[in-house]
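> Encoded as structure tokens, here's the structure I'll be asking about.
The values are calculated or read from the model by the stated rules, or taken from the named source; none is laboratory data. Given the structure is predicted, the values throughout are model-derived calculations rather than measurements. All Cβ positions, even for glycine, are placed from backbone atoms using ideal geometry, and neighbour counts span all protein chains on display. Ligands, DNA and RNA are stripped out before the accessible areas are found, and what is left, the full protein with its side chains, is counted by its heavy atoms. Shrake-Rupley method; radii C 1.70, N 1.55, O 1.52, S 1.80 Å.
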Amino acid sequence: MADRKAMDDEIRRQFPLVNNHPEIAYLDNSATMQKPSYVLDAMRDFYEEENANPLRGLYDLSMRATEQYENARELVRKFINAEDTAEIIFTRNATESLNLVGYSYARTFLREGDEVLITIMEHHSNLLPWMQAAKAAGAALKYVECDENGHISTEKFREQITDRTRIVAMTQISNVLGVKNDVKEFAKIAHEAGAVFVCDGAQSVPHIPVDVQDLDVDFLAFSGHKMGGPMGIGVLYGKRKLLEEMPPFLYGGEMIEYVKRDSATYAELPHKFEAGTVNAAGAVGLGAAIRFYNEIGFETIMEREEYLSRRMMEELSALPYVHILGSKDPANHHGIYTFTVDGVHPHDIAAILDEDGVDVRAGHHCAQPLMKFMHTLSTTRASVGFYNTGEEIGRLVKSLSTVREKMGIV
Amino acid sequence: MAHNTFYNEILTDHNLHPAHKHDLPDANMELEGVNPSCGDDIILKLKVEDGTVVDGAFVGDGCAISQASADMMLDLIIGRSVDDAKHLSDIFLRMIKGHITDEEKEELEEASVLEDISHMPARVKCAVLGWHTMDEMLGEDYEKPAD
Ligand SMILES: Cc1ncc(COP(=O)(O)O)c(C=O)c1O
């Protein structure tokens with residue numbers, strides 16, 4: 001226990017916002033995570049010492065900027081165990097990564113009568129790109145449903161997959177239910193049916209080790225800002241063979257080899273997909289976030305988040321008017337708890353918690369089909385990061401226990 | 001964080017025991033108002049005769065602020081002329097932006113408890129939902145009966 005407190009202090013000290021604002025219990029980590037000084041310093045150093053437009057200049061400074069940018073790519077490659085840095089494309093965020101696949105891959109290879117299979121628990125960012133691509137091609141968009149615990153069975157999945165399924169897109173961890181899908185197994189089934197497998201790693205990459213070769217997914221999308229990196233940098237991993245077959249997504253500078261009046265040849269991977277001036281400082285920040293993760297280690301990160309997840313389940317379940325969506329087992333939540341409170345609208349809950357300095361999310365969490373499937377319009381969500389403490393969970397629960405009274409219900 | 005809760009008794013009472021949340025079969029005007037980002041969704045029903053809001057009600061779902069605000073609005077406008085209703089709406093919307101006089105605030109009676117919403121930008125849409133819906137109903141499409 002004393003150990004945990006010392007570790008809490010040691011970790012929190014490194015996050016300026018967390019450290020400077022003890023009055024805030026920040027429990028909206030699924031939306032975005034706070035940033036360690038290590039990341040902020042790395043970005044500042046880049047701008048103060050190495051800023052130039054990467055990949056363009058022939059002078060030393062530009063080459064250093066390029067090196068920094070490419071070092072970040074290598075850090076990402078290692079972090080998700082991709083085979084080759086050519087398979088790591090920098091984007092703005094997970095949403096852009098998924099759109100890249102939706103535009104470039106899906107719109108090139110989907111045919112009329114084909115099927116795209118997603119799940120009922122997808123974030124709008126892993127739903128709308130497929131809805132649009134399917135519409136454009138005259139393909140069908142199909143959904144696999146989960147049970148009330150959020151579990152998607154292989155039987156249900158097999159029922160929906162056919163020889164016309166070309167693309168399967170699935171989140172590894174749900175941003176609403178916190179449940180983890182067995183992506184490795186589903187990717188295998190998808191491949192047997194001849195489909196490519198797109199994994200939304202926005203909620204998994206920041207919380208569990210993700211190995212793209214072990215999972216054997218064809219694409220993986222995630223955002224830097226959900227793992228302590230800056231906003232505005234994201235990653236698309238794609239298998240080299242697929243990325244090579246795909247046309248560019250955006251056209252312009254940096255993604256070309258030669259341009260003549262009527263034709264152009266495109267740059268090699270990964271630059272083919274990185275048109276225009278890149279977000280080098282963002283990539284450097286993400287690289288620093290990865291170093292920070294490596295330093296702390298997933299063992300510690302997961303132990304802390306599992307501890308917080310257990311406490312959250314224990315303490316929320318003790319309130320009879322609080323109802324948690326999804327599994328009763330904290331191991332299936334990955335620190336993400338979405339709940340309702342009898343008689344109180346989620347926006348009022350979030351506003352009252354805010355009055356006590358507890359920051360949570362209220363609304364549909366960009367997953368309206370799931371909300372409908374779960375027979376609710378809007379809910380409240382608390383989600384942990386590894387810098388959160390048991391004391392903060394206590395503050396959440398204490399504030400929640402006053403909500404009904406403040407609303408005049410009891 | 002020792003500040004008082006925004007959710008005072010007037011607000012919670014209008015939310016829990018709204019006087020005007022019910023169907024209105026003889027309404028002659030009806031419009032749905034939605035906040036897509038929050039899921040607040042009300043249907044405002046008015047019975048307007050000879051330029052007067054004779055009766056009014058609402059049904060739907062939403063947070064306490066959206067529900068209480070619609071209820072307080074109906075308290076104010078039932079029995080008043082359409083012009084008065086529009087005038088009150090104008091004051092209310094300006095109150096939310098923080099630009100009204102004390103006299104104007106008095107005209108809003110209980111609805112003035114929502115004044116502090118101007119410091120809660122995320123909730124402004126909830127507070128104005130009923131008023132905006134009414135404005136739209138009584139706006140350009142509303143044909144003033146000839147005197
Ligand atoms: C599961 C999931 N997918 C995708 C996204 C989109 O991430 P971003 O907004 O960073 O593109 C989110 C973020 O909320 C998410 O939770």
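> From other protein chains only, count the Cβ atoms within 10 Å of every residue's Cβ in A:339-349, then give the mean. Mind showing how you got there, number by number?
Values: counts 0, 0, 0, 0, 2, 4, 12, 3, 13, 13, 1.
Across A:339-349, the average partner-chain Cβ count within 10 Å equals 4.
> Now, a different point. Multiply the residue separation of A:Ala331 and A:Asp84 by 0.36 nm, subtract the distance between their alpha-carbon atoms, and state the gained length in nm to one decimal.
Answer, rounded to one decimal: 85.6 nm.
> Give the cross-link partners of A:Lys328 among the lysines, using a straight C-alpha distance below 30 Å as the criterion and excluding same-chain residues fewer than 8 apart.
Those lysines meeting the cut-off are A:Lys5, A:Lys142, A:Lys156, A:Lys180, A:Lys184, A:Lys188, A:Lys226, A:Lys372, A:Lys398, A:Lys406.
> Okay, moving on. For A:Ile256 and A:Val410, compute 0.36 nm times the residue count separating them, minus their Cα-Cα distance, and round to one decimal in nm.
48.8 nm
> Here's another thing I want to ask about it. Have a look at the DSSP beta bridges in segment A:40-294 and tell me what percent are antiparallel, nearest 5.
In segment A:40-294, DSSP labels about 45 percent of beta bridges as antiparallel.
> Out of A:Tyr59, A:Tyr26, A:Tyr38, any idea which swings most in a Gaussian network model of chain A, alpha carbons joined below 10 Å?
A:Tyr59
> In addition: Over chain A, with the other protein chains present, what is the accessible area per residue in square angstrom, probe 1.4 angstrom? Mind showing how you got there, number by number?
Details: 16920 Å² over 410 residues.
Per-residue accessible area for chain A comes out at 41 Å².
> Would you please state the base-10 log of I(q)/I(0) at q = 0.08 1/Å for the protein assembly as shown, with intensities from the Debye formula using one equal scatterer on every alpha carbon?
For the requested q values the scattering log ratios are -0.64.
> Continuing with the same structure: Return the long-range amide H neighbours of B:Lys47 (sequence gap of 5 or more, or a different chain), with a cut-off of under 5 Å between placed amide H atoms.
Residues meeting the amide H criterion: B:Asn28, B:Val54, B:Asp55, B:Gly56.
> Near the amide H of A:Gly234, under 5 Å away, which other amide H atoms are found, from residues 5 or more places off or on another chain, if H is placed in the peptide plane?
A:Thr91, A:Arg92, A:Asn93, A:Gly224
> Counting pairs of Cα atoms in segment B:9-136, how many percent are more than 22 Å apart?
28
> Could you tell me the convex hull volume per residue, in Å³, taken over the Cα atoms of segment A:247-297?
So the per-residue hull volume is 86 Å³.
> Taking the Cβ of A:Thr379 as the centre, find all other residues whose Cβ is under 15 Å away and add up their charges (Lys, Arg: +1; Asp, Glu: -1).
Residues close to A:Thr379 contribute a combined charge of -3.
> Now a separate question. Dividing the Cα convex hull volume of segment A:40-294 by residue count, how many Å³ per residue is that?
Values: hull volume 29.5 nm³, N = 255.
With only Cα atoms used, segment A:40-294 gives 116 Å³ per residue.
> Which residues in segment A:332-348 have a backbone N closer than 15 Å to a point placed 7 Å from the Cα of A:Asn149 along the Cα-to-Cβ line?
Residues passing the 15 Å test: A:332-334.
> Now for a different question. Do the sum for the protein assembly as shown: with -39,500 (n - 2.57) for every DSSP H run of n ≥ 4, divided by all residues, what is the mean residue ellipticity at 222 nm, to the nearest 500 deg cm²/dmol?
When only DSSP H runs of four or more count, the value is -11500 deg cm²/dmol.
> When the accessible area of chain A is computed with all protein chains present and a 1.4 Å probe, what percentage of it is carbon and sulfur?
Values: 8470 of 16920 Å².
Answer for chain A: carbon and sulfur cover 50 percent of the accessible area.
> Here's something else I'd like to know. To check you understand DSSP bridge types, tell me what percent of the beta bridges within the protein assembly as shown (both residues inside) are antiparallel, rounded to 5.
So the antiparallel bridges amount to about 65 percent of the total.
> Here is a further query. Under the Karplus relation 6.51 cos²θ - 1.76 cosθ + 1.60, θ = phi - 60°, what is the ordered set of whole-Hz ³J(HN,Hα) values for segment A:189-196, x standing for Gly and Pro?
Those phi angles translate into 5, 4, 5, 4, 8, x, 9, 8 Hz.
> Output the Cα-based Rg and Dmax of segment A:219-282 in Å, rounding Rg to one decimal and Dmax to a whole number.
Rg then Dmax for segment A:219-282, in Å: 13.6, 44.
> Still on this model: Positive end of the dipole of the protein assembly as shown, charges at C-beta (+1 Lys, Arg; -1 Asp, Glu), about the Cα centre: which of A:Leu243, B:Pro36, A:Val101 has its Cα farthest in that direction?
A:Leu243
> Evaluate the charge dipole of chain A about its Cα centre and quote only its size in Debye, nearest 20, assuming +1 on the Cβ of each Lys and Arg and -1 on the Cβ of each Asp and Glu.
Value, rounded to 20: 740 debye.
> Give the average, rounded to an integer, of partner chain Cβ atoms located within 10 angstrom of each Cβ in B:10-22.
The per-residue average across the peptide is 2.
> Let me ask you something else. Please work out whether segment A:151-248 counts as rounded, prolate or oblate from its C-alpha gyration tensor, where a ≥ b ≥ c are the square roots of the eigenvalues and a/c under 1.5 means rounded, while otherwise a/b larger than b/c means prolate and anything else oblate?
The shape class here is oblate.
> What does the buried accessible surface come to for A and B, summed over both chains, with the probe at 1.4 Å? Round to 100 Å².
Details: alone 17620 and 8010 Å², together 24270 Å².
Adding both sides of the contact gives about 1400 Å².
> Using θ = phi - 60° and the Karplus curve 6.51 cos²θ - 1.76 cosθ + 1.60, what whole-Hz ³J(HN,Hα) does each residue of segment A:17-25 get, with Gly and Pro shown as x?
Per residue, the Karplus-derived 3J(HN,Hα) values read 5, 5, 5, 7, 10, x, 6, 9, 9 Hz.
> Once the other residues with Cβ under 15 Å from the Cβ of A:Ala331 are scored (Lys, Arg +1; Asp, Glu -1), what is the net sum?
Net charge around A:Ala331: -1.
> Moving to a separate point now. Once you've got the GNM for chain A with C-alpha springs shorter than 10 Å, pick whichever of A:Gly385, A:Gly102, A:Gly194 has the biggest mean-square fluctuation.
Result: A:Gly194 has the largest fluctuation of those listed.
> When you look at the Cβ of every residue in A:320-330, what mean number of other chain Cβ atoms sits within 10 Å?
The per-residue average across the peptide is 0.
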